[in-house]
Amino acid sequence: MDTTSNTVIYSKPGCHQCTATERQFDKLALPYRSVDITTDPAAAQTLSDMGFAAVPVVVAEGHQPWSGFRPDRISALAADRTAQQPEAHTSAEPVAVAAARQWAETLMASPRRDAAQTRRGEALAL
């Protein structure tokens, strides 16, 4: 959670969609500020004035506010934020492919994979 972010997630304790929304933001490394409407009556009134009756409500600068767990809207927000940032990846291979390749290399080097190969009687290349 980022206390200086222009994106606010209004939520409340025990809300599964709120938790899923915040986890998706975390997974995509999107900065946000979380506001608990049960402890902030002004925030609850703001949501009511905006016409929202349920949480989570996501308010992001430059985007239409939305309610509920919306992975599609979160992904669109992430894509917009990525497009606004200067390109840091200099390789010819797309970022997603590079990330997938790194994940595969990590998986191939995992001790669990080595243990599974040993149980199957496969020789380990040392």
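Of all residues in the range 49-68 being assigned to a loop (DSSP other than H, G, I, E, B) and either surrounded by 20 or more Cβ atoms within 10 Å (Cβ to Cβ) or among the acidic types (Asp, Glu) (or both), which is modelled with the lowest pLDDT?
To start, the set of residues in the range 49-68 that are assigned to a loop (DSSP other than H, G, I, E, B) comprises 51-56, 61-65, 68.
Add one more test, that the residue is either surrounded by 20 or more Cβ atoms within 10 Å (Cβ to Cβ) or among the acidic types (Asp, Glu) (or both), and what stays is 55-56, 61.
Numbers: VAL55: 96, PRO56: 97, GLU61: 89.
Step by step, filter the range 49-68, then rank; the result is GLU61.
Of the residues making up the range 34-58, just one is within 16 Å of PHE69 (Cα to Cα), free of Cβ contacts under 8 Å to residues at least 40 places away in the same chain and touching an Asp or Glu at 6+ places or on another chain (Cβ under 9 Å), namely SER34. Residues of the range 10-29 that are within 14 Å of ARG73 (Cα to Cα), out of contact with any helix residue (DSSP H, G or I) (no Cβ under 6 Å at 6 or more places or on another chain) and either small (Gly, Ala, Ser) or not in a helix (DSSP H, G or I) (or both): ALA20 alone.
Please work out if ALA42 is outside any helix (DSSP H, G or I), loosely packed, with under 13 Cβ neighbours inside 10 Å, in the same structural domain as ALA79 (by TED's automatic domain parsing) and hydrophobic (A, V, I, L, M, F, W, C). No.
Could you please let me know if THR46 is closer than 19 Å to SER5 by Cα, in contact with a strand residue (DSSP E or B) (Cβ under 9 Å, 6 or more places away or on another chain) and modelled with pLDDT under 95? Even if it seems obvious, please write down each step before you answer.
On the way: closer than 19 Å to SER5 by Cα: yes; in contact with a strand residue (DSSP E or B) (Cβ under 9 Å, 6 or more places away or on another chain): yes; modelled with pLDDT under 95: yes.
It is true that THR46 is closer than 19 Å to SER5 by Cα, in contact with a strand residue (DSSP E or B) (Cβ under 9 Å, 6 or more places away or on another chain) and modelled with pLDDT under 95.
The values are calculated or read from the model by the stated rules, or taken from the named source; none is laboratory data. None of these values were measured; they are calculated from a predicted model. In this analysis, Cβ positions are derived from the backbone assuming ideal geometry, glycine residues included, and neighbour counts consider all displayed protein chains.
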